[in-house]
Amino acid sequence: MAEEFAKRRAAWQPPPRPEWVRRINEEGACMDIKSVVPLDENSLIETAKRNTGLDYFGEDDWYEPFKLLVKGFDEESELNLMGRIMTRSDMLMFLQNRLMIEDVFRRHPEVADEQIIQPVMIIGQGRSGTSVMHNVLSHDPDNAVIRAWQVYFPCPPPEAATVANDPRIERGHKLATMVDRVTPEAASMHEWFGTVPTDCASVHCLTFNSPAWFSPVLGQSPSYVGEVIKRSNVPVYQYEKKFLQLLQWKNPCKRWVLKSPYSITHIPEILKVFPDMGFIWPHRDPVKALASMVNLLGITFWARTDHPFIGDSMDMYTNADVGAAMMSQPIDWLESGVLPKSQLCNVKYQDFIKDPIAVVASIYDYFGFEMTDRGREAMQRYMLEKPRESRPAHQYDVGEREMIETERKAYKRYQDYFDVPSEV
């Protein structure tokens, strides 16, 4: 049965690379790229310290998973030259940002007094409309979101007077859209702009204790994933809270709207850190979403390696049996009361696509939020000015009937409980 669920990965075929990327990697094939672009703990840590002039990373719980992660990048991920350059750049960014964040909290302990009140988080299966919903909600001025450029450059913390035209936005945009230049097909699957709201998983990288962003984006490391999934995620969400406090310190907001599909497996731990967190779960045919996710992951891997889908480290995203178990777990939490039903708002993907503003209004009503005229008009304007048709269509194969039927059986409990219609 495991082989049946691995067929999607095996069937994925990479697209041709842009000529400039192909030539860089061809040149790298004759180099000692591990020495040219080192991914060892000492080189990364010392470079981050030197670049910032700082040396305090905070509590030591980041260090052991960090060592395991970079060892995996170096020995398991099979990164090509372009991949090693991109991954080293990303790892230095996370290390340097952690140093600078800790420095802000040391010099300004009052930042820790910031209150994060009634945040909401979009959860669920990847490729089920979580990003487009996040984008729409981000245009209501009452909703604060974490934007990609703020993850790249959180310090000094953004200020209300200048956040809209911060000079870091342009550089952040260049970094965010690099994946589109290395693998142009990525543009049809997701908006990687510097100003768009981003996944909480990118913030979790600051802890080095979560595989949600590292493995799908920076490089596959089965040994790292196998270790960190055993750990408590409470420290991960505690650091996320710290990050939100930092961003709202000089740029106050009414409420945070977050997005983290992967966090569907961590709801009890999230509630320990954010007891008043509300969850929004858009439900889409899981088989179709899975097919789309496999294609997206293949493209992001292809940006950095010639060997996509190493081992089984991506089973949580690409294996219907594993994914179905993750998506069924909240059912038990709902039935046992661990997750209060009043804190979970379920919506249908197809309903959202047909009438986004009506679904947003139902979400606001569910959580008791006010839908202001200003917010409604801003979200409607975004939908008119940024239709999905403005980007290339995402082309992917939903698979043969036998594969679809096998996956459909795995997802039966989830689809039955939440009344999720099949699309294929």
For the stretch 363-384, enumerate the residues that are modelled with pLDDT of 95 or more and of a type in the set (A, V, I, L, M, F, W, C).
Ile363, Phe367, Phe369, Met371, Ala378, Met379
From the list Gln118, Gln125, which one is in contact with a strand residue (DSSP E or B) (Cβ under 8 Å, 6 or more places away or on another chain) and either within 30 Å of Val420 (Cα to Cα) or assigned to a strand (DSSP E or B) (or both)?
Gln118
Quick check on my filter: what residues within the stretch 21-64 are assigned to a helix (DSSP H, G or I), of a type in the set (Ser, Thr, Tyr) and either without any contact (Cβ under 8 Å) to a residue 12 or more places away in the chain or farther than 23 Å from Gly83 by Cβ (or both)?
Ser35, Ser43, Thr52, Tyr63
Does Val151 satisfy the criteria of being outside any loop (DSSP other than H, G, I, E, B), under 29 Å from Ala320 (Cα atoms), under 20 Å from the mean Cα position of the chain (by Cα) and β-branched (Val, Ile, Thr)?
no
Given the conditions (1) under 22 Å from the mean Cα position of the chain (by Cα); (2) at pLDDT 95 or above; (3) not in a helix (DSSP H, G or I), report the number of the one that Val360 does not fulfil.
(3)
Looking at the stretch 361-368, is at least one residue surrounded by fewer than 17 Cβ atoms within 10 Å (Cβ to Cβ), over 27 Å from Pro286 (Cα atoms) and of a type outside the set (Ser, Thr, Tyr)?
yes
Selection from the stretch 331-359 of residues that are in contact (Cβ under 8 Å) with a residue 40 or more places away in the chain and charged (D, E, K, R)
Lys348
Please enumerate the residues belonging to the stretch 311-343 that are within 20 Å of the chain's Cα centre (by Cα) and not in a helix (DSSP H, G or I).
Asp312, Ser313, Met314, Asn319
Residue in the stretch 239-251 that is assigned to a loop (DSSP other than H, G, I, E, B), at pLDDT 95 or above and surrounded by fewer than 23 Cβ atoms within 10 Å (Cβ to Cβ) present
yes
Just to be sure, is Met82 at pLDDT 95 or above, buried (at least 17 other Cβ atoms within 10 Å of the Cβ), touching a helix residue (DSSP H, G or I) at 6+ places or on another chain (Cβ under 9 Å) and not in a helix (DSSP H, G or I)?
no
Those residues that are buried (at least 23 other Cβ atoms within 10 Å of the Cβ), touching a Lys or Arg at 6+ places or on another chain (Cβ under 9 Å) and within 21 Å of Ser188 (Cα to Cα), I need them from the stretch 304-317; list them, please.
Arg304
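Test of understanding: among Ser138, Ser77, which residue is surrounded by 20 or more Cβ atoms within 10 Å (Cβ to Cβ), of a type in the set (S, T, N, Q), out of contact with any Ser or Thr (no Cβ under 7 Å at 6 or more places or on another chain) and touching a residue at least 40 places away in the same chain (Cβ under 8 Å)?
Of the residues listed, the single one that is surrounded by 20 or more Cβ atoms within 10 Å (Cβ to Cβ), of a type in the set (S, T, N, Q), out of contact with any Ser or Thr (no Cβ under 7 Å at 6 or more places or on another chain) and touching a residue at least 40 places away in the same chain (Cβ under 8 Å) is Ser138.
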Would it be correct to say that Pro14 is outside any helix (DSSP H, G or I), within 23 Å of the chain's Cα centre (by Cα) and of a type outside the set (D, E, K, R)?
yes
Taking the options Ser221, Ser202, name whichever one is more than 13 Å from the chain's Cα centre (by Cα) and either of a type in the set (Gly, Ala, Ser) or at pLDDT below 90 (or both).
Ser221
Take the stretch 251-280 and flag every residue that is under 21 Å from Met189 (Cβ atoms) and aromatic (Phe, Trp, Tyr).
Tyr262
Working only within the stretch 252-276, note down all residues that are in a helix (DSSP H, G or I), polar (S, T, N, Q) and out of contact with any Phe, Trp or Tyr (no Cβ under 9 Å at 6 or more places or on another chain).
Thr265
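The values are calculated or read from the model by the stated rules, or taken from the named source; none is laboratory data. None of the values given here were measured: they were computed from a predicted structure. Using ideal geometry, Cβ is built from the backbone for each residue, glycine included, and neighbour counts are taken over all protein chains shown.
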